[in-house]
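K.L.:
Sharing a structure here in structure tokens format.
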Amino acid sequence: VRFVATAGTPVQAWLTSQSLSANTVLTEDLDGDGQEVILEYGLGGSALAPDSALTSAATDPEGRLQISFLWNSAATDLTAAVRASGDLVTWTTILEKSGSGPWTGSATFSDLPAGGDLRELTVTDPLTGERRFLRLRIHQP
């Protein structure tokens, strides 16, 4: 499936700032770092220079799993969801954001300025368990 930017959207402005065509396919990995263009946009990466890691995982002092990532607050045309699972089959959304709306959900999180339009988020899984997994999903609604 090929997704391209809609004219006049924030992603199209970002593509131009990255010296890319407005018709760039958002599901391609242009720099070979394993991240699609749409992820680079949402996470404040570069579409043309490899980014080492756009997300990281850790545990808090209580042993709860955390995921950290930068968020491009200018990406108001994206929806993001942090999802948790104990078995990699059933996933529950624990934090989400749609467009310019606030982050909402059952997870605790920190949201700190990281320069320009970037925000640094750390999301903590509300549950503990022997096996817990977190993932971040970004897409255009």
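K.L.:
From the list 17, 68, 21, 46, pick out the single residue that is touching a strand residue (DSSP E or B) at 6+ places or on another chain (Cβ under 6 Å) and either open to solvent by less than 50 Å² (accessible area, probe 1.4 Å) or without any contact (Cβ under 8 Å) to a residue 60 or more places away in the chain (or both).
P.N.:
68
K.L.:
Let me spell it out: the conditions are (1) of a type in the set (Gly, Ala, Ser); (2) touching a residue at least 60 places away in the same chain (Cβ under 8 Å); (3) assigned to a loop (DSSP other than H, G, I, E, B); (4) closer than 26 Å to residue 127 by Cβ, and residue 53 meets all of them except one. Which number is the exception?
P.N.:
Here residue 53 meets the rest and fails (2).
K.L.:
Of the residues that sit in the stretch 97-141 and are of a type in the set (Ser, Thr, Tyr), open to solvent by 40 Å² or more (accessible area, probe 1.4 Å) and in contact with a strand residue (DSSP E or B) (Cβ under 9 Å, 6 or more places away or on another chain), which one is nearest to residue 83 (Cα to Cα)?
P.N.:
Initial filter on the stretch 97-141 (of a type in the set (Ser, Thr, Tyr)): 98, 100, 104, 106, 108, 110, 122, 124, 128.
Remaining after also requiring open to solvent by 40 Å² or more (accessible area, probe 1.4 Å): 98, 100, 104, 106, 108, 110, 128.
Then drop every residue that is not in contact with a strand residue (DSSP E or B) (Cβ under 9 Å, 6 or more places away or on another chain), which leaves 98, 104, 106, 108, 110, 128.
Numbers: 98: 15, 104: 12, 106: 11, 108: 13, 110: 16, 128: 14 Å.
So, considering only residues that are of a type in the set (Ser, Thr, Tyr), open to solvent by 40 Å² or more (accessible area, probe 1.4 Å) and in contact with a strand residue (DSSP E or B) (Cβ under 9 Å, 6 or more places away or on another chain), the one nearest to residue 83 (Cα to Cα) is 106.
The values are calculated or read from the model by the stated rules, or taken from the named source; none is laboratory data. All values reported here derive from a predicted model rather than from experimental measurement. Reconstructed Cβ throughout: ideal geometry from the backbone, glycine too, with neighbour counts over all protein chains shown. Ligands, DNA and RNA are excluded from the accessible area calculation, which covers all protein heavy atoms including side chains. Shrake-Rupley method; radii C 1.70, N 1.55, O 1.52, S 1.80 Å.
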